[in-house]
Amino acid sequence: MPYDYQQTHENILKSARIQFLEKGFREASVRTICKNAGVTNGAFYAHFESKEDLFGSIVRPCIEGLKDLYSSEEDRFYKINSSEDIITAFRKTYASTESLIRYMCDRREDFRILLEAGAGTEYEGFPNELIRSETDSMFKFLQLSRQYVKRPDNITENIIRMGASFLIMSVVNGLLRGMSAEEILRETSLVSDYCIAGYRELLGI
């Protein structure tokens, strides 16, 4: 029977997904992955340089896709001319999470691997990276909007980080708890209402 490179590649990835979810990255065994994929260790190294390379092959496409979605939402912070424009931008920001949620739910298994099995890899801080990205965007936006708020001194990175963490972790936790996209959307909608009300009070807008 002729060697089918692509099928072997897919068999290794399928076996690896199961092993990473069951054991985590550190405890996952290349030998077991190969055995369950029906390939030799030598065949494995014809496809992947290492266990780290294999893990990255699973999660990198998810991360890159998410970055592309974030980039496509960069226009959410449009020019601000009033305090009401700030509220509108907030609503647009939280509404934009729908595309992110649906993207993550469509790739739930690979995101679970990233979130649950990433300890010991370069990807273990992934949720914190999302929070940092959201914090940086919101902080820059609010700094540009200072003239339209009554309490500009309340624009601090720490406060913004707490709001970003609340939002991002509600998505992450919903994904890990097996909630549907609609259920996660409902929860994040409540979180967004809470955060917008908090910002209105905090900034006096």
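With the structure loaded, tell me whether Thr32 is touching a residue at least 12 places away in the same chain (Cβ under 8 Å) and within 30 Å of Tyr5 (Cα to Cα) or whether it fails that test. So Thr32 fits the description; yes.
Of the residues Ile12, Ile58, Ile33, Ile18, the single one that is in contact with an Asp or Glu (Cβ under 7 Å, 6 or more places away or on another chain), surrounded by 14 or more Cβ atoms within 10 Å (Cβ to Cβ) and over 22 Å from Thr135 (Cβ atoms) is Ile58.
Out of (1) surrounded by 14 or more Cβ atoms within 10 Å (Cβ to Cβ); (2) at pLDDT below 95, the odd one out for Ile184 is which? Every listed condition holds for Ile184 apart from (2).
Of the helices (runs of 4 or more DSSP H) entirely within segment 15-88, those holding at least 1 residues that are assigned by TED's automatic domain parsing to the domain that holds Arg146 and hydroxyl-bearing (Ser, Thr, Tyr) occupy 51-72. Of all positions in segment 195-202, none carries a residue that is closer than 20 Å to Leu66 by Cβ, buried (at least 19 other Cβ atoms within 10 Å of the Cβ) and either basic (Lys, Arg) or assigned by TED's automatic domain parsing to the domain that holds Phe126 (or both).
Scan segment 111-120 and give yes if some residue there is under 21 Å from Asp68 (Cβ atoms), of a type in the set (Gly, Ala, Ser), at pLDDT 90 or above and in a helix (DSSP H, G or I), otherwise no. Within segment 111-120 (the criterion being under 21 Å from Asp68 (Cβ atoms), of a type in the set (Gly, Ala, Ser), at pLDDT 90 or above and in a helix (DSSP H, G or I)), the answer is no, since none of the residues qualifies.
The values are calculated or read from the model by the stated rules, or taken from the named source; none is laboratory data. Treat the numbers as computed from the prediction; the structure is a model and nothing was measured. Cβ atoms come from the backbone with ideal geometry, glycine included; neighbour counts cover every protein chain shown.
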